Amino acid sequence: MHRSEEGPDASARPEPVRPPGGRDFASLCLRCDRCRSACHADVIRPGGLEEGLLVMRTPVLDFKLGWCDFCGDCADVCPTGAILPFDPETERVGLARLTDACIALRTGACRVCADVCPYDAVTLVDGNRPEIDPERCNGCGRCVLECPSNVFQSLRATRGIEVVARKGVPS
């Protein structure tokens, strides 16, 4: 039986959220790790094997320890152009998405994501329930980092809010 390089369940994996300005990592990225070293927010990590062979050791955004302020340091040190300069006002790396673990969706008793979003992409509607504006959200991950549901459930896979890759953003 022939399997693709990515394995039989590659289509079930979510697309990784890439650094701002990232493009065509499979052919351009040297996996040199300069972008991760330059990231003062500690948001870039190397992709793991569980994300697929083509993603492995290429830069992926992970909002457990920080959020992306789009400083451009990763683009400045990239020797191949796999990461280019980026405008967070007009370009997007991902989109915040609420999950069933969100405290505000369940109880209406939280407003942290709306309070911390630097792009005013989260508004509270109908009794303090968050709603994400996809036109304003650029996937910076600040909401993920600050979400108390994510702190309370840090050992669980389900998070209160997460950033997912947008369709059409090159990986």
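For 68, 143, 137, what's the fewest-to-most ordering of other Cβ within 10 Å of each Cβ?
Numbers: 68 26, 143 30, 137 22.
Exposure proxy ranking, most exposed first: 137, 68, 143.
To the nearest 20 Debye, how big is the dipole of the chain about its Cα centre, given +1 on the beta carbon of each Lys and Arg and -1 on that of each Asp and Glu?
400 debye
Only counting other Cβ atoms within 10 Å, I'd like 112, 60, 125 sorted with the fewest neighbours first. Don't jump to the answer; show the numbers that get you there.
Values: 112 20, 60 23, 125 8.
Lowest to highest Cβ neighbour count: 125, 112, 60.
Find the eigenvalues of the gyration tensor of the Cα atoms of the chain, then list the square roots of 5 times those eigenvalues as equivalent ellipsoid semi-axes, largest first, in whole angstrom.
Details: eigenvalues 160, 76, 38 Å².
Gyration-tensor ellipsoid for the chain: 28, 19, 14 Å.
For 83, 132, what ranking results if the residue with the fewest other Cβ atoms within 10 Å of its Cβ goes first? Don't skip to the answer; put the middle values down first.
Details: 83 28, 132 19.
Least to most surrounded, the residues fall as 132, 83.
For segment 72-111, build the convex hull from the C-alpha positions and give me its volume per residue in Å³.
Numbers: hull volume 4.7 nm³, N = 40.
In segment 72-111, the Cα convex hull volume per residue is 117 Å³.
Given contacts defined as C-alpha pairs under 8 Å and at least six residues apart, what's the relative contact order of the chain, whole-number percent? Don't jump to the answer; show the numbers that get you there.
Numbers: 328 pairs, mean separation 44.1, N = 171.
Computed value for the chain: 26 percent relative contact order.
Exposed loop GluC sites (Glu not before Pro) only (DSSP loop, at most 12 other Cβ atoms within 10 Å): please give the longest stretch of the chain free of them, not including the sites. Present the calculation step by step, with values, prior to reporting the outcome.
Details: sites that count: 5, 89, 135.
Of all site-free stretches, the longest is 6-88.
When Lys and Arg each count +1 and Asp and Glu each count -1, what net charge do the other residues less than 14 Å away from residue 38, Cβ to Cβ, add up to?
On the way: positive: 34, 36, 45; negative: 33, 42, 69, 73, 76.
Taking every other residue near residue 38 into account, the sum is -2.
Laboratory data are not the source of any read-out in this text; all were calculated from the coordinates shown. This one's a predicted model, so the numbers in the text were calculated from it and none came from an experiment. Methodologically, a virtual Cβ is constructed for each residue, glycine included, from the backbone with ideal geometry; neighbour enumeration extends over all protein chains shown.
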